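I have placed the structure first, in the form of structure tokens, so that the comments after it can refer back to it.
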Amino acid sequence: MTCSRQWIDAYVDDELDPSTRWQVEQHLAGCESCAALRAEIAARHEQFRTLAPYYRAPERLRQSVQAGLRAEAAGPRRWPWLAVAATVLLAAGLVWGVRRGRERELLAQEIVASHVRSTIGGRLIDVPSSDRHTVRPWFNGKLDFSPEVKDLAAEGFPLAGGRVDYVGGRTVAVLVYRRGNHNIDLFLWPSDTGGGSESQRNGFTIVHWTEGGMSAWAISDVAREELLRFRDAQMADFSKKQ
Amino acid sequence: MQTAGTGAVFPGIFGAAAKSIEWRGLIDPQARLKAFEALMLPHLDAAHNLARWLARSAPDAEDIVQESYLRAFRFFDGYHGGDSRSWLLTVVRNTFLTWRKREERRLSDVPLDEEKHGIAPAAAASQGDTETLRGCIDALPPEFREILILREMEELPYREIAAIASLPAGTVMSRLSRARQRLEDCVRRKAAAR
């Protein structure tokens with residue numbers, strides 16, 4: 001057993017197994033320099049423990065650690081993202097809604113204009129026929145779609161004919177039905193969007209609905225209830241075929 | 001040289017890991033949190049002290065402690081009993097190492113050179129014993145510093161230190177001895193320069 005600093009350190013730390021410890025003790029008893037070293041090491045330990053600052057955690061750290069743990073235990077915070085997503089969706093929806101509303105407004109204006117123009121100019125009907133088998137083929141080659149022409153004579157809306165017009169930046173089919181002395185113009189064109197509406201404009205009633213991928217706008221000077229019945233008849237006919 | 005009782009200076013944290021706390025198999029997050037806090041929060045001072053000595057900066061130490069506790073909570077399943085303070089200090093040490101790597105990358109090209117951080121003897125000459133000692137501890141390479149803090153301040157047995165620093169027990173003994181010698185040399189040098 002040599003006089004080793006390492007062993008004396010471990011001895012002072014009380015980290016030696018009993019047999020090594022006994023050997024070191026034996027050595028210390030007979031070696032003055034080692035005994036002096038042991039005393040110095042012990043003193044150094046005390047000095048260290050007395051002088052070296054022990055950095056206790058500040059109170060705010062305790063609080064922030066606990067707050068962090070609570071948040072962690074609450075699980076991944078999904079809601080802020082949900083809130084952000086919801087806000088974005090809402091904003092997009094508002095923009096979209098406003099734009100859609102404006103588009104509808106413009107469309108309604110054009111439909112009224114088309115209806116009025118056709119009445120004034122006497123160009124109400126390009127293909128006068130009460131036979132839907134005549135009217136539908138007439139549209140072939142004039143439109144990039146084939147409108148469903150329904151016979152609603154039994155419901156009190158006989159077919160009078162059809163024409164092609166230009167509304168909302170595209171060619172559209174206009175089916176003309178009669179209700180007594182009144183005309184009902186039914187504008188049809190393909191559309192992805194759904195929805196429906198009804199409004200009054202310049203004394204006309206405008207009813208809008210969608211079915212089977214088609215946007216339908218009916219305009220007439222008949223009573224509002226009559227036009228709604230016309231719409232229902234159109235849709236009922238559609239659902240009959242489905 | 002003073003002989004003040006160490007208990008007054010160092011918080012007695014021995015046996016703080018209450019044996020009665022059952023944390024195994026807890027699924028409910030709130031119950032887990034409760035068990036975790038009961039086991040680990042008593043060691044907040046020890047965690048902070050180690051982080052502070054390793055990082056040598058108060059704000060960095062707080063960041064490291066904060067992160068350590070979150071990591072410890074996430075990996076709470078990895079605690080299989082035993083000294084909860086040692087387990088937590090292992091997490092603190094690992095968090096510090098990750099933090100240092102991140103800092104080195106952030107500061108790129110400028111590695112955290114331990115020697116550069118040492119206090120120049122001239123500057124330390126006018127300082128008191130505490131400042132001298134602090135300067136000398138700070139000047140130690142981190143692998144010496146951590147082992148010294150764990151032993152002298154936390155009074156952990158070699159076995160626990162070996163586990164925390166992932167070292168063989170024999171290496172703890174020799175490294176601790178060298179750390180003390182270096183520290184003594186440094187203090188002696190500075191005392192002579194005064």
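The values are calculated or read from the model by the stated rules, or taken from the named source; none is laboratory data. From a predicted model like this one, the values you see are computed outputs, not experimental measurements. Every residue, glycine as well, gets a Cβ built from its backbone with ideal geometry; the counts of neighbours run over all protein chains shown. These area figures cover heavy atoms from the full protein model, side chains too; ligands, DNA and RNA do not enter into them. Shrake-Rupley method; radii C 1.70, N 1.55, O 1.52, S 1.80 Å.
What FRET efficiency comes out for residue B:193 versus residue A:17 if R0 is 35 angstrom and r is the Cβ-Cβ distance? Round to the nearest 0.05.
So the FRET efficiency works out to roughly 0.30.
Restricting things to alpha carbons, find the Rg to Rh ratio for the protein assembly as shown using the Kirkwood radius for Rh.
1.48
Find the eigenvalues of the gyration tensor of the Cα atoms of segment A:106-242, then list the square roots of 5 times those eigenvalues as equivalent ellipsoid semi-axes, largest first, in whole angstrom.
Calculated on Cα positions only, the semi-axes equal 18, 17, 17 Å.
With a cut-off of 8 Å between alpha carbons and a minimum separation of six or more residues, what is the relative contact order of segment B:18-78 in percent?
It rounds to 27 percent for segment B:18-78.
Quote the charge dipole size of segment A:1-142 about the Cα centre in Debye, to the nearest 20; the model charges only the Cβ of Lys and Arg (+1) and of Asp and Glu (-1).
1760
How big is the B/A interface in buried accessible area, both sides summed, 1.4 Å probe, to the nearest 100 Å²?
Accessible area lost upon association: around 4400 Å².
For chain A, modelled as a Gaussian network with Cα springs under 10 Å, which listed residue fluctuates most, A:73, A:223, A:39?
Per the Cα network of chain A with a 10 Å cutoff, A:39 tops the list.
Where the centroid of each part is defined by its Cα atoms, how far is segment A:180-219 from segment A:112-142 in Å?
The two parts, judged by their Cα centres, are 16 Å apart.
So, how do all the Cα-to-Cα distances of segment A:104-158 break down into 10 Å bins, in percent, from 0 on up?
Cα pair-distance distribution for segment A:104-158, in percent: 20, 35, 42, 2.
Going highest first, how would you order B:148-155, A:110-117, A:18-25, B:165-172 by mean Cβ packing within 10 Å?
Final packing ranking: B:148-155, A:110-117, B:165-172, A:18-25.
When only Cα pairs under 8 Å and 6 or more residues apart are kept, what is the percent relative contact order across chain A?
Taking the mean separation of contacting Cα pairs over the length of chain A, I get 10 percent.
In segment A:1-40, what residues drop by 10 Å² or more of accessible area when the other protein chains are put back, versus the chain on its own? Use 1.4 Å, and skip ligands and nucleic acids.
Residues meeting the cut-off: A:5, A:6, A:7, A:9, A:10, A:13, A:15, A:40.
What angle do you read, to the nearest 10 degrees and between 0 and 90, between the alpha-carbon axis of helix A:32-51 and the longest principal axis of chain A?
40
Can you tell which of A:86, A:74, A:54 lies farthest toward the positive end of the dipole of segment A:1-133, using +1 and -1 charges on the Cβ of basic and acidic side chains (Lys, Arg; Asp, Glu)?
My answer, from the dipole projection, is A:86.
Could you give the angle, 0 to 90 degrees to the nearest 10, between helix A:59-73's Cα long axis and the longest principal axis of the Cα atoms of chain A?
Taking the Cα atoms of chain A, the angle to A:59-73 is about 50 degrees.
Can you tell me the FRET efficiency between residue B:181 and residue B:57 if r is taken as the Cβ-Cβ distance and R0 is 30 Å, rounded to the nearest 0.05?
For residue B:181 and residue B:57, the calculated efficiency is 0.65.
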